[in-house]
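Read the figures in this text as sums done on the coordinates, not as results from a lab. The model shown is predicted, which means the values in this text are computed figures rather than measured ones. All Cβ positions, glycine included, derive from the backbone under ideal geometry; neighbour counts span all protein chains shown.
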Amino acid sequence: MKHTLSVLVEDESGALSRIAGLFARRGFNIHSLAVGLAEQEGQSRLTMVVEGDDETLQQMTKQLDKLVNVLQVLDLTRLPAVERELMLLKVSAPASQRSVILDLVQVFRAKVVDVADTALTLEVVGDPGKLVALEKLLTPYGILEIARTGKVALERASGVNTEMLKVSKSVGRFPA
């Protein structure tokens, strides 16, 4: 199972290296990693997507907590959270196919950020599923390049789990 971890760290040289080393020593692959400044000066937030069972991830979380520069570790996997990712995608777009591609761009609320004679570069932001869906639809046209940021996520202050709302709507009722 994939887990999304939010790790708050002191913004010091070597903090990321120690965290990545901890996962590497235990044979864990980090599927996605996004790092940036956090809300407090001198702190950074890492959002990591890693794969493993619940028991192993609980052990890894405890070991992360023991690292000197780590201030907080939160497993967002089963918590209501907002998750987003940014993807830049360069797609082959000759004049004969350009209008079809632009229609898809509108449906996914993507932006055209560069136009060339035979290609378009798109920017799309959303949950990872949205990015995968757009990528699949554009594959037949010829994807030339992709760059993705990796997932960033925060726990929802509202506590509303939008995943539960999606399931409830598909069943035709809302949870009690």
* Put a dot 7 Å past each Cα toward the Cβ at VAL68 and GLU39; how far apart are the dots in nm? -> 2.8
* 15 Å Cα-Cα reach of LYS90 towards aspartates and glutamates, excluding residues that sit fewer than 8 places from it in its own chain -> ASP114, ASP117, GLU123, GLU135, GLU145
* Structure fact -> Nearest-0.05 FRET efficiency for ILE30 and VAL113 at R0 = 22 Å, using Cβ-Cβ distance, is 0.20
* Structure fact -> Among (1) 1.22; (2) 0.97; (3) 1.03, the entry matching Cα Rg over 2.2 N^0.38 Å as calculated here is (1)
* Structure fact -> Stokes-Einstein, Kirkwood over Cα pairs, the range 2-79, 4 °C, 1.567 mPa s; D in µm²/s equals 104
* Enclosed volume per residue, in Å³, of the convex hull spanned by Cα atoms of the range 82-153 -> 71
* **Stretch gain in nm, segment LYS136-SER99, where the contour uses 0.36 nm per residue and the Cα spacing is subtracted** => 11.6 nm
* Loop-only check: which GluC sites (Glu not before Pro) in the range 1-82 are DSSP coil with at most 14 other Cβ within 10 angstrom? -> GLU12, GLU39, GLU41
